[in-house]
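Remarks on the structure that follows.
Derivation of every value follows stated rules applied to the coordinates shown; laboratory data play no part. None of these values were measured; they are calculated from a predicted model. Neighbour counts are summed over all protein chains in view; Cβ atoms, including those assigned to glycine, are modelled from backbone coordinates with ideal geometry.
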Amino acid sequence: MNLPKVYLASGSPRRSELLMQMGVTFDVIRLDVDETQYANEPAIDYVLRVAKAKAQAGWQAIKQGQKRPVIGADTSVIVDQQVLGKPENDQQARNMLQGLSASQHQVLTAVAVVYDMQVLYRLSQSRVTFSTMTSAEIDWYLSTGEGTDKAGGYAVQGLAAMFIEDIQGSYSGIMGLPIRETRELLMEIGQFCNE
């Protein structure tokens, strides 16, 4: 199997872990990309725009002689059509977890690949159902610090899994990089094949 070498326009350890799981060789590019949602911007448009912006910024940042595909991704938790980003403090994280408790929410992850003047992208849509979390359980989870830098204030692959009743969709997408969609994009630009 021919495995690609790419750049990952993300400092997320979870995205790095998922690329390693795919057997993809990569270098990380750390960038500052504005992730502010526009007024009245639908959640799907938002995650697609940010993923593409990350990949395009990564493409612009690398040296001309070392062009390899650049992957960018963005994940958002959606509750009642509202995007939950990363909590800014414990109170915001508490509010998010209280809203997720005993309910189902949507997780959108967009992945984009920029290579040789092409900008390709895919969207992963999943649903996650949380069991009821008591105030004491929310306090305990907050004390772990696990959800501090995660969309929606939780990590599906971590301790939060104890409160998840059901997942419909892509586990890797909820983590932050949908493996199937990423492979499809790399295949489309000729960077991933089974031969």
- Message: Could you tell me the center-to-center distance, by alpha carbons, between segment 141-183 and segment 67-117 in angstrom?
- Response: 10 Å
- Item | Computed E for GLU165/GLN91 - FRET, C-beta separation, R0 30 angstrom, nearest 0.05 | 0.75
- If you line up the long axis of helix 179-188 against the longest principal axis of the chain, both from Cα atoms, how many degrees apart are they, to the nearest 10? 20 degrees
- Residue separation times 0.36 nm, minus the C-alpha to C-alpha distance between GLU17 and MET117: what's the value? 33.3 nm
- Query: Taking LYS52 as the anchor, which aspartates and glutamates have their alpha carbon closer than 20 Å to its alpha carbon, excluding any fewer than eight residues away along the same chain?
  - Reply: ASP27, ASP32, ASP34, GLU35, GLU41, ASP74, ASP116, GLU181, GLU184, GLU188
- Item | In nm, spacing of pseudo-spin labels at THR25 and GLN82 (7 Å Cα→C-beta vector) | 4.7 nm
- Query: Taking only the alpha carbons of the chain, what extent do you get along each of the three principal axes, in Å, biggest first?
  - Reply: 54, 37, 26
- Item | Extension reserve of the GLU146-THR132 stretch, reckoned as 0.36 nm per residue once the Cα distance is removed | 3.2 nm
- So which trypsin sites (Lys or Arg not before Pro) in segment 63-126 pass both tests, a DSSP loop state and at most 15 other Cβ atoms within 10 Å of the Cβ? LYS63, LYS67
- Query: Sorted by average packing, counted as other Cβ atoms within 10 angstrom per residue and highest first, what order do 158-170, 95-107 take?
  - Reply: 95-107, 158-170
- Message: Could you tell me the relative contact order of segment 5-188? Use alpha-carbon pairs under 8 Å, at least six residues apart, and round to a whole percent.
- Response: 22 percent
- Given labels modelled 7 Å from the Cα in the Cβ direction, how far is it in nm from ALA102 to THR36? 3.7 nm
